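Here the structure is laid out as structure tokens; the discussion comes afterwards.
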Amino acid sequence: ALEKFHQSWALLAAGYRDDQSNHLLFFELGQAEYYIGQTYLDQGDLDAAERAFMSYAEITRRLILLQPENAEWVLEMAYALTGLGNLQKSRDADNPDRTLQFMQSSLEYNQIALVLDPANEYYQSELGQSHAFLADAQLDVCDLEGALKSRQEHVALDRALLEAEPDDINRIRRMAFAQTGFASVKKLHGEIYRAMDSLKRALELFEKLKLQNIDPWDTAVDILTRQQSLVHLMALSGEADEAWE
């Protein structure tokens, strides 16, 4: 895969050298950098991954300078910063503040993209995901209140999208994941029953996917992992018989 991505990069770079006014070609060059970086990350070569991700971010920054009101390119910067944040966490888990900075900046770019295109439901969905990434980074610095607020924002955004199209498969799945993330933070706050309620709602959503035979293997695993978490919370709350069932 890495060989193919490098070939793609070379073709795009050659095309851009011949026509540097072609912004779309420059954008695609950034995409190639992203995939190269992600593949290096999968291989565990963090230095090479960082070089590619930094190049991806720099290309995106230059595109935004050319067209600052291009919402698609602004959102691309959110992706670039999220990638750098995940890389930072893999490289140096003992410096969670740095990861938090990346995730906060990513969220801000996502918010700007939505301001530029407020009716874009995809951007709204991605903003929910940005809140989820931020919540995880906040937990790593022991900011439980911040993580709870971020997870609440995540749930609110995905709930609004699901209410608009309640039968949309992707929105059902995203809402289930949002409820799961919210439950994990509620558990850390000691609000066991609230966490259980969120897990039960997540399970109801995954059961909808199961009934429609949507990705049956993945859906079964999603259900089982949440049942496992629910059993643990029931045991903590003294509901041993219910947990056994």
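Would you please list the contacts, defined by Cβ atoms under 6 Å and residues six or more apart or on different chains, that run from a residue in region 32-61 that is within 22 Å of Gly15 (Cβ to Cβ) and charged (D, E, K, R) to a residue that is modelled with pLDDT under 95 and in a helix (DSSP H, G or I)?
Here the result reads none, with nothing in region 32-61 linked to a residue that is modelled with pLDDT under 95 and in a helix (DSSP H, G or I).
Considering region 159-189 alone, what residues qualify as being in a loop (DSSP other than H, G, I, E, B) and either closer than 24 Å to Leu144 by Cα or open to solvent by 60 Å² or more (accessible area, probe 1.4 Å) (or both)?
Scanning region 159-189 gives Glu165, Pro166, Asp167, His189.
Quick one: is Asp92 over 23 Å from Tyr35 (Cα atoms) and among the charged types (D, E, K, R)?
When the stated conditions are applied, Asp92 does not pass them.
Starting from residues that are under 15 Å from Phe182 (Cβ atoms) and of a type in the set (Lys, Arg), keep the ones in region 192-214 and report whichever is least open to solvent (accessible area, probe 1.4 Å).
Lys200
Could you check Gly30 against (1) open to solvent by less than 20 Å² (accessible area, probe 1.4 Å); (2) not in a helix (DSSP H, G or I) and say which number it fails?
Of the numbered conditions (1) open to solvent by less than 20 Å² (accessible area, probe 1.4 Å); (2) not in a helix (DSSP H, G or I), the odd one out for Gly30 is (2).
Restricted to region 66-90, and to residues that are touching a residue at least 24 places away in the same chain (Cβ under 8 Å) and surrounded by fewer than 17 Cβ atoms within 10 Å (Cβ to Cβ), which residue is farthest from the chain's Cα centre (by Cα)?
Only one residue tops the list, namely Leu66.
Would you point out the residue of region 163-187, among those that are of a type in the set (A, V, I, L, M) and touching a residue at least 40 places away in the same chain (Cβ under 8 Å), that is farthest from Leu205 (Cα to Cα)? So that I can check it myself, show each step before the final result.
Pass one, region 163-187, residues of a type in the set (A, V, I, L, M): 164, 169, 172, 175-176, 178, 183, 185.
Filter once more, so that each one left must be touching a residue at least 40 places away in the same chain (Cβ under 8 Å): 164, 169, 176, 178, 183, 185.
On the way: Ala164: 16, Ile169: 10, Ala176: 6, Ala178: 11, Ala183: 14, Val185: 19 Å.
Of everything passing the filter in region 163-187, Val185 is farthest from Leu205 (Cα to Cα).
For a quick check of your reading of the model, give me the residue pairs whose first member lies in region 133-162 and is under 18 Å from Asp97 (Cβ atoms) and without any contact (Cβ under 8 Å) to a residue 60 or more places away in the chain, whose second is part of a helix (DSSP H, G or I) and charged (D, E, K, R), with beta-carbon atoms closer than 7 Å and at least 6 apart or on different chains.
Ala135/Arg151; Val141/Asp97
Give just the number: which of (1) closer than 27 Å to Ala147 by Cα; (2) assigned to a helix (DSSP H, G or I) does Arg62 not satisfy?
Among (1) closer than 27 Å to Ala147 by Cα; (2) assigned to a helix (DSSP H, G or I), the lone unmet condition for Arg62 is (1).
The values are calculated or read from the model by the stated rules, or taken from the named source; none is laboratory data. Everything numeric here is computed off the predicted structure, so don't read it as measured data. Quick reminder, even Gly has a Cβ in these numbers, built from the backbone with ideal geometry, and neighbours come from all protein chains shown. Keep in mind that these areas ignore ligands, DNA and RNA; they rest on the heavy atoms of the full protein, side chains included. Shrake-Rupley method; radii C 1.70, N 1.55, O 1.52, S 1.80 Å.
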